[in-house]
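Encoded as structure tokens, the structure appears first; notes follow it.
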Amino acid sequence: MARTAATTKLTLKVMLGEEDGKALYGQRSFSHINPELSDEDALSIGRKLGALQAYELAGVNRTDAGGLSE
């Protein structure tokens, strides 16, 4: 079995504010990230991109995807 066409996406979770005492969150996605990027580097980049946002960074998520074939 082989994995092909690997792609990686970073998603930043940002806090937009509060409504009725509940936090409201939004997402900012960045695709076409090099899949060979280490988790530590991905987190560092996510935090740096989060610092550029108008809203407070609440989390960084990494999503890897790829096709499988025989």
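Cβ separations smaller than 8 Å between residues 6+ apart or across chains give the following pairs from the stretch 17-37 residues that are free of Cβ contacts under 8 Å to residues at least 40 places away in the same chain to residues that are surrounded by fewer than 10 Cβ atoms within 10 Å (Cβ to Cβ) and in a strand (DSSP E or B): LEU24/GLU18. In the stretch 40-56, the count of residues that are part of a strand (DSSP E or B) and modelled with pLDDT of 90 or more is one or more.
Taking the stretch 5-58 as the range and being more than 14 Å from the chain's Cα centre (by Cα), charged (D, E, K, R) and either buried (at least 16 other Cβ atoms within 10 Å of the Cβ) or more than 30 Å from GLU70 (Cβ to Cβ) (or both) as the test, the residues that pass are GLU18, GLU19, ASP20, LYS22, GLU56. GLU36: in contact with a Ser or Thr (Cβ under 9 Å, 6 or more places away or on another chain) and not polar (S, T, N, Q), yes or no? Criteria met by GLU36.
Taking the stretch 35-68 as the search range and keeping residues that are touching an Asp or Glu at 6+ places or on another chain (Cβ under 9 Å) and of a type outside the set (D, E, K, R), which one is farthest from THR7 (Cα to Cα)? Top of the filtered list is GLY50.
The values are calculated or read from the model by the stated rules, or taken from the named source; none is laboratory data. Since this is a predicted model, take the numbers as computed values, not measurements. Because the Cβ atoms are built from the backbone with ideal geometry, glycine has one as well, and the counts that use them run over all protein chains shown.
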